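**Q** Sharing a structure below in structure tokens format, with a few things to ask.
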Amino acid sequence: MEISFTGIANPHSIGAFGVDANAKILQRYRFIHERLMFISAAQLPARHNWDIKTAMGRHIYEDAEAADQLRTRVSHLRTPLANVGQEPDPALTLLMDEILHARTDSEWLAGVYTVIKPALIEAYRSHIQRTQQIVDQPTIRILRSILLDLEEQVNWGEAVIAHLKNEGEWEEAGSEELCALLKRCILAAGGMSNEMKRSSEIPERMRSFQVYQLPKKSQREAGMGETTLYRTSMGMKFEKPNEDRLVGMMRVRQEEMTAAELIAAVLWSQKGMPWAFYRDLARHLWDEVRHALFGQAALEAEGLNWRSRPQYTSDYDINIEKIPSAQYAWLSIGIEEGAMKRPGKVGEYEFCRDQVKHPLMTQFQDYDWADEVVHASFGRTWTPELFGEELGFIREVAKHELEHFFSEVRKAEEIAAAKDEI
């Protein structure tokens, strides 16, 4: 290994990019990751397949982190912060507008994981090779870290596509049409970095002339139980003391996908906030998806078939017609700040540790509690800015929102009880 120049190879070579050119290219990369974060959030409630939903939560967070790093780097390349959020190329804007309107799981997977993200990987590998290795080492380090995520994401996407094809669940026609359009958009943009020969033929809009609408109800895959506005646990009797409470807690964790979908709605719908707000919500969203995975892992470790049970979707389905600020106050202040009071989250952790002595759920609840502390802090930071009011007022709003929410849950339970469905 070369020991001079801290191990940096080719230190004497001339790089392909001056400061201004580099900043313009990184702006393009930043824009794509940032828009993918927003668009994935908009798509999350509409996607059916559970494994796709959970991966989208992770990739939203990773795109947010990538955009955040690129924003910082662009600002270090003589670019005023006020200019960092600009749209760099109308063809890239069209690319993002069209993937927003993916109509099926297959279209989403094909567009993101066989066209857009592979094109980013190709651009980043080229950029790392061609830039001056000393002067642009900060960019190289950022792109290498993003590449690790992108390569893992694309490998996952390819595996899911192969699985769906093997199961006969792949929809080829719409996917091919969308991918062909996305490739024309990239060609019209001169590639992700604008270093290819640009096509002078700007593609026409296929679907994005329409305004995207969030679904009124969040979706689940066909093999799962029907969606419901009330919790149903596992619908079985247990012999051991506290086992019903333990399994119920596992199920509540698994059902936190609905909280992630509500945050996705806020992330997509709330305009005009500082970038840090959207970055924090991407983290919050991924945390809720991770909590759903906590529950999934715990239930499956016990051999319990959670997929066959009704799927609780109230957080999204009851709150979707609320304004984004009210949605976030309900969750972050009403639910999550409220969970900081005993017994709350600490009580759940101590129950798993001390009463049922369940090692896996003890660890899950330990981290769930830690995450909820962060989420309550997000709420206290951002809801006053969302409302333009003091926190005391926000807590009153959250109280009213909680009352409305639980009244709707009770109505659903009463209707089900009348039909002998509970």
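The values are calculated or read from the model by the stated rules, or taken from the named source; none is laboratory data. Note that the coordinates shown come from a computational prediction; the quantities given were computed from them, not determined experimentally. Glycine gets a Cβ as well: all are built from the backbone with ideal geometry, and neighbour counts include every protein chain shown.
**Q** Does GLU255 satisfy being in contact with a strand residue (DSSP E or B) (Cβ under 7 Å, 6 or more places away or on another chain) and within 25 Å of ALA412 (Cα to Cα)? Walk me through how you get there before you give the answer.
**A** Working: in contact with a strand residue (DSSP E or B) (Cβ under 7 Å, 6 or more places away or on another chain): yes; within 25 Å of ALA412 (Cα to Cα): yes.
Yes: the conditions hold for GLU255.
**Q** Condition first: among the hydrophobic types (A, V, I, L, M, F, W, C) and within 24 Å of the chain's Cα centre (by Cα). Now tell me which residues in segment 187-223 satisfy that. Talk me through it step by step, then tell me what you get.
**A** Of the residues in segment 187-223, the ones among the hydrophobic types (A, V, I, L, M, F, W, C) are 187-189, 192, 196, 202, 206, 209, 211, 214, 222.
Passing the criteria: MET192, VAL211, LEU214, ALA222.
**Q** Tally the residues that are basic (Lys, Arg) and in contact with a strand residue (DSSP E or B) (Cβ under 8 Å, 6 or more places away or on another chain), restricting the search to segment 396-416. Give the derivation first.
**A** Looking only at segment 396-416, we keep the residues that are basic (Lys, Arg), and these are 399, 410-411.
After this cut, where a residue has to be in contact with a strand residue (DSSP E or B) (Cβ under 8 Å, 6 or more places away or on another chain) as well, the list is none.
Adding up the residues that qualify gives 0.
**Q** Which residue is modelled with the lowest pLDDT, if the candidates are limited to segment 195-204 and must be within 18 Å of ASP97 (Cβ to Cβ) and surrounded by 13 or more Cβ atoms within 10 Å (Cβ to Cβ)? Quick ask: steps written out before the conclusion?
**A** Taking segment 195-204 and keeping what is within 18 Å of ASP97 (Cβ to Cβ), we get 199, 201-204.
So of that shortlist, the ones also surrounded by 13 or more Cβ atoms within 10 Å (Cβ to Cβ) come out as 199, 202-203.
Values: SER199: 87, ILE202: 92, PRO203: 96.
So, considering only residues that are within 18 Å of ASP97 (Cβ to Cβ) and surrounded by 13 or more Cβ atoms within 10 Å (Cβ to Cβ), the one modelled with the lowest pLDDT is SER199.
**Q** Ok, one more. Of these, ILE8, ILE60, which one is of a type in the set (A, V, I, L, M) and more than 11 Å from the chain's Cα centre (by Cα)? Spell out how you get there, then give the answer.
**A** Working: ILE60 fails: more than 11 Å from the chain's Cα centre (by Cα).
Result: ILE8 is the single residue among ILE8, ILE60 that is of a type in the set (A, V, I, L, M) and more than 11 Å from the chain's Cα centre (by Cα).
**Q** Is there any pair with a first residue in segment 71-88 that is charged (D, E, K, R) and a second that is loosely packed, with under 15 Cβ neighbours inside 10 Å whose Cβ atoms are under 7 Å apart and which are 6 or more apart or on different chains, and what are they?
**A** From segment 71-88, the pairs are ARG73/PRO138; ARG78/VAL19.
**Q** Considering only segment 310-358, how many residues are in contact with a strand residue (DSSP E or B) (Cβ under 9 Å, 6 or more places away or on another chain) and of a type outside the set (Ser, Thr, Tyr)?
**A** Going through segment 310-358 one residue at a time, the tally reaches 3.
**Q** Where in segment 306-422 are there helices (runs of 4 or more DSSP H), lying fully within it, with 3 or more residues that are surrounded by fewer than 19 Cβ atoms within 10 Å (Cβ to Cβ), free of Cβ contacts under 8 Å to residues at least 24 places away in the same chain and assigned by TED's automatic domain parsing to the domain that holds GLN296?
**A** Here the list reads 344-350, 359-387, 391-418.
**Q** Among the polar types (S, T, N, Q) and either under 24 Å from GLY388 (Cβ atoms) or not in a helix (DSSP H, G or I) (or both): is that true of GLN296 in this structure? Break it down into steps so the answer makes sense when it comes.
**A** Values: among the polar types (S, T, N, Q): yes; either under 24 Å from GLY388 (Cβ atoms) or not in a helix (DSSP H, G or I) (or both): no.
So GLN296 fails the test.
**Q** Taking the conditions exactly as written (over 30 Å from ARG220 (Cβ atoms) and either touching a residue at least 60 places away in the same chain (Cβ under 8 Å) or part of a loop (DSSP other than H, G, I, E, B) (or both)), does GLN27 satisfy them or not? I'd like the intermediate steps shown before the answer.
**A** Values: over 30 Å from ARG220 (Cβ atoms): yes; either touching a residue at least 60 places away in the same chain (Cβ under 8 Å) or part of a loop (DSSP other than H, G, I, E, B) (or both): yes.
In short, yes.
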